[in-house]
Amino acid sequence: MNEGGPFHVGGDPATPPAPRGVGHLRGADPFPAAARAALADSQLRRNIGKATATIRAKRADVVGEVDDWEELREAGRALKTATMARLPELLTQLEERVTAAGGTVHWARDAAEANAIVTDVVGATGSDEVVKVKSMATQEIGLNEALAEAGIAAIETDLAELIVQLGDDTPSHILVPAIHRNRAEIREIFLREMPGVDPDLTDEPRRLAMAARAHLRRKFLSARVGVSGANFAVAETGTLSVVESEGNGRMCLTLPETLITVMGIEKLVPTWQDLEVFLQLLPRSSTGERMNPYTSMWTGVHPGDGPTDVHLVLLDNGRTATLVDEVGRQALHCIRCSACLNVCPVYERTGGHAYGSVYPGPIGAILSPQLTGVEDNASLPFASSLCGACYDVCPVKINIPEVLVHLRARHVEERRATRTVPNAEEVAMAAAGWVMADPGRYAAAQRAARMGRILAAGGDRIRALPPPLSAWTASRDAPKPPTETFRDWWARTRGADDGGHTP
Ligand code: SF4
């Protein structure tokens, strides 16, 4: 579960920021096209459906054990809201505490700056290899690719991330990046890509885990640089924290001489005591566990104990722009538990790759467009049925449907602002507005709509409307209009009783 959440800061403030990126996955199509392809893959749907159902059931069991779960959620929401309101002050405090404890703090405005900082720090050690704790922030900035360009190999040590990396694949889930792979596929990847693996390897989970363990041990013992994200940073103490399930994170955080943590600026909590709330909310919401198997915390440098050169890169990359949006800013409260993915009917059918974004599922649909600019991920806010299941399970009560609708409106407004000629939808809406503004016009339009009965061709639904209305029936049926409108029925059956007033 070591989400990592980190980000960096740094660079000359006078230098204009480099283009922001990297929220997209390689070669990503807009969601509708990618979802269509994913839906055609029955193996993928089976793998994801089975995995999300299992995690959902585990979560429901352990959440049901906590009598004050709703109060805990409310506490998480309130803490995040209060933290965002004081973010500049708290970040300064964090920087002071980390520096006082012997660490080095860098500030990165965007992905390019963050990647340059990490590459420089690794380069200064003379190492050409780093071991990595699973981190969404480093995926967001494309760190592995940036390090590779500098001749530095980044070795993912989280088991699922390792599977994804060896398979030259991309993650499809925040918590379970290889959720789209089944055991047989993982065995095949290990046999093909893992040096020195037993050729008689079976797809038994224990055998697969042992193969990965032997492979990673060699890397842990030889690496001189570790790279992590952070689930939390405590401003009052300068403490960073990673929570995880496998112990791979603990190895990366303690064995190398140099440790570089990339953390999004929103990962702060003001005080040590605030962790009490999140360390209860996160494991139950993510892996369905009562507590994390491994919770690592470190504060600067301690001679003779762990890394002797500790860096923290505080990453903006669109976060301060997100903070400006009064409705959208709640996306920054996310603790990356992935509960919203596991309950989402859209995610369950398409998987994560269809989102074309490092952050998939409902949280990706509201976070990615804000980090990259709404028009860069314009299809994502529409990748939802607005059923609200994500809001119900979110441990920090992010109102995801509210933000989705808000971003859809922003998208429409931004498109409209750049167009000189209205599009078909705008023409249709203007016409509908004109018709509905007058009772007589509305009644006449309803009667005219009865002509549509011809299109139902004897059935009870209209399967295909002519253009431009064909866009509607491309993905849904239209009901066959009734023989008599409600107004006509009312006038015929009740008109005499109510003095001739129609509704
Ligand atoms: S939005 Fe809420 S439910 Fe989804 S990953 Fe973030 S914290 Fe978890």
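The values are calculated or read from the model by the stated rules, or taken from the named source; none is laboratory data. Please read these numbers as outputs of a predicted model, since none were measured by experiment. Cβ: placed from backbone, ideal geometry, glycine included. Neighbour counts: every protein chain shown. Ligands, DNA and RNA are excluded from the accessible area calculation, which covers all protein heavy atoms including side chains. Shrake-Rupley method; radii C 1.70, N 1.55, O 1.52, S 1.80 Å.
Candidate membrane-span-like segments in the chain, meaning DSSP H helices with Cα atoms spread over at least 20 Å of their own axis and a Kyte-Doolittle mean of 0.0 or above, are 111-125, with no membrane implied. Taking amide H as placed 1.01 Å from N in the peptide plane, ILE179 has its amide H under 5 Å from the amide H of SER172, HIS173, each at least 5 places away in sequence or on another chain.
In terms of distances greater than 31 angstrom between alpha carbons, the cross-link table entries LYS397/LYS480; LYS58/LYS219; LYS219/LYS397; LYS58/LYS267; LYS58/LYS397 yield LYS397/LYS480; LYS58/LYS219; LYS219/LYS397. Beyond 26 Å, what share of the Cα-Cα pairs of the stretch 82-215 is found? Please give it as a whole percent. Every Cα pair in the stretch 82-215 considered, those over 26 Å come to 39 percent.
Is the stretch 368-503 best put as rounded, prolate or oblate by its Cα gyration tensor, with a ≥ b ≥ c the root eigenvalues, rounded for a/c under 1.5, and otherwise prolate when a/b is larger than b/c, oblate when not? Note, shape of the stretch 368-503 comes out prolate. Please work out whether the stretch 424-494 counts as rounded, prolate or oblate from its C-alpha gyration tensor, where a ≥ b ≥ c are the square roots of the eigenvalues and a/c under 1.5 means rounded, while otherwise a/b larger than b/c means prolate and anything else oblate? Since a/c reaches 1.5 but b/c is at least a/b, the shape of the stretch 424-494 is classed as oblate. The gain in end-to-end length when the ARG494 to ASP128 segment is fully stretched comes to 123.3 nm, 0.36 nm per residue minus the alpha carbon separation. Solvent-accessible area assigned to carbon and sulfur over the chain amounts to 57 percent, based on a 1.4 Å probe. Expressed as a fraction of 2.2 N^0.38 Å, the value expected for a compact globular protein of N residues, the C-alpha radius of gyration of the chain is 1.13.
Averaging 1/r across all pairs of distinct Cα atoms in the stretch 302-436 and inverting the result yields a Kirkwood radius of 16.8 Å. Strictly greater than 32 Å: what percent of every Cα pair in the stretch 85-319 meets that? Distances greater than 32 Å cover 18 percent of the Cα pairs.
Other residues whose C-beta falls under 13 angstrom from the C-beta of GLU74 contribute a net charge of +1, scoring Lys and Arg +1 and Asp and Glu -1. Computed over the chain, the per-residue total of -39500 (n - 2.57) for DSSP H runs of n ≥ 4 gives a 222 nm mean residue ellipticity of -14000 deg cm²/dmol, rounded to 500.
Amide H to amide H distances under 5 Å link ASN231 with GLY4, GLY5, SER241, VAL242, VAL243, where only residues 5 or more positions off or on other chains count and H is placed in the peptide plane. Centroid-to-centroid, using Cα positions, the stretch 162-193 and the stretch 82-121 are 32 Å apart.
Per residue, the solvent-accessible area of the chain (1.4 Å probe, heavy atoms of protein chains only, all protein chains present) comes to 45 Å².
Under the rule a/c < 1.5 gives rounded, and otherwise a/b versus b/c splits prolate from oblate, where does the stretch 384-453 land using the Cα gyration tensor? Because a/c hits 1.5 or more and a/b fails to exceed b/c, the stretch 384-453 counts as oblate.
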